[in-house]
1. Give, as ranges by residue number, the residues of the range 136-153 whose backbone N falls under 14 Å from the point 7 Å along Cα→Cβ of residue 193.
2. What spacing in nm lies between the two simple spin-label points modelled at residue 11 and residue 221, each 7 Å away from Cα in the Cβ direction?
3. Let me see the pair-distance distribution of the range 93-172: every alpha carbon pair, 10 Å bin width, integer percents in order.
4. Given R₀ = 35 Å, FRET efficiency for residue 98-residue 206 by Cβ-Cβ distance, to 0.05?
């Protein structure tokens, strides 16, 4: 066929390409295999992705945690003024336990215990000022918690004070006086069923003040405490402040008693200096002694004989002339004698 703008060669190439495309067309089995492969890959990608149900569950849990945290923070704020018997009072006590866990050191923990004990008396004051009469159980619970916290804080501070400068005792004495004023203010509103707890709390404050005062007075003593502990910590010593005699003897070295002066002359001081060996003076040769057959040799070594005081006379010996005499080999040298 004739197509304007196309040559015969172009038309033959186009016709060959059409026939080639019809020959490369996959059959039904091949198309089905390709389809299965594509569907399998899509299914694998879907399995690797988190399911929608799982995503929804994770989002719900995250929202729940955020809600709990928010409600916990709001609950702590709302529970600051909670009183014994209120629904949020447990949240308030849980917050105090968390504060105690975040305090570092024995002194800081003891101060927290005293702070919590003061909070119990503030709650009693609030209960006494409420319009409706509070239950006696709430008063008993507040008094019991007050005594528990006060004993814990006092026990730690008294031990630390006796081991240091004692400044904690002044703080403890001031704290006990302040809390006694709070306790006296609520005495008229305490129910009769809670009066025993009120009395024991007042006695506890008196004991704390007396303990702090006694330990403070014995800080300069030899013995401050007995070394024993009770519910208020260190127990003060009741003896004298002066150190015992046996302690002084055990601490100071014995002083030697002074000796009476003697009229006798002191013994001569012995010196250990070594005596130099005597220098032997040159002695003149002595003539040999004549042999006596009647004198026997001594059986022991005789002591050395001291040198005479008068000089000895030189002994005269006669020199025998040599048998053979040779003249000197070189001038100026002596001759040589043999014999």
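Quick note: the coordinates plus some simple rules give every number you see, no bench work behind them. Computed from a prediction, not measured in an experiment: that's the story for all the values here. Every residue, glycine as well, gets a Cβ built from its backbone with ideal geometry; the counts of neighbours run over all protein chains shown.
1. Output list for this probe position: 136-142.
2. 13.4
3. The calculated distribution, bin by bin, is 18, 42, 27, 11, 2.
4. Details: r = 32 Å, r/R0 = 0.92.
Taking R0 as 35 Å, the efficiency between residue 98 and residue 206 is 0.60.
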